[in-house]
Amino acid sequence: MSRLQSASVGAGCCAVAAAGLTPVISQTPFTSFAPLVFLIVIFFVAARFGNFAGMFGTLTGALVFAIFLFEPRFSLMIENAAARNHLIWMVVIGLVISDLLGAYAVREENQNRHS
């Protein structure tokens, strides 16, 4: 699978997971923590599909949460400061996780080639 196809599949998985999590968690008092829980999905997507897919999926998930989960809906603005901070931390940590997993996967792949 090419890098672009892999990134598209990974971002699609993140978008579907974020869209599926949104109606489930939107009625709970833990709504602002959804992005931090979503880091688990980002970890698995980055581990399975690569760092570019993890980064693209992180941004896709953040957009889904910003538009559909947090008030005001259908806007990129987020009124709740805690939710905004958690979303920012999700993006930062998701990008770092994706980059580190990608570097690890490349190093492991190079070791397997030279063995």
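Of the residues 49, 44, which single one is crowded, with 16+ Cβ neighbours inside 10 Å and free of Cβ contacts under 8 Å to residues at least 24 places away in the same chain?
44
Could you run through the range 57-79 and say how many residues are aliphatic (A, V, I, L, M) and in contact (Cβ under 8 Å) with a residue 24 or more places away in the chain?
Number of matching residues: 4.
I'd like the full set of residues that are surrounded by 10 or more Cβ atoms within 10 Å (Cβ to Cβ), at pLDDT below 70 and among the polar types (S, T, N, Q), limited to the range 98-115.
110
Among the candidates 72, 23, which residue alone is in a loop (DSSP other than H, G, I, E, B), of a type outside the set (Lys, Arg) and surrounded by fewer than 15 Cβ atoms within 10 Å (Cβ to Cβ)?
Values: 23 fails: in a loop (DSSP other than H, G, I, E, B).
Testing whether each residue is in a loop (DSSP other than H, G, I, E, B), of a type outside the set (Lys, Arg) and surrounded by fewer than 15 Cβ atoms within 10 Å (Cβ to Cβ) leaves just 72.
The values are calculated or read from the model by the stated rules, or taken from the named source; none is laboratory data. Since this is a predicted model, take the numbers as computed values, not measurements. Neighbour counts are summed over all protein chains in view; Cβ atoms, including those assigned to glycine, are modelled from backbone coordinates with ideal geometry.
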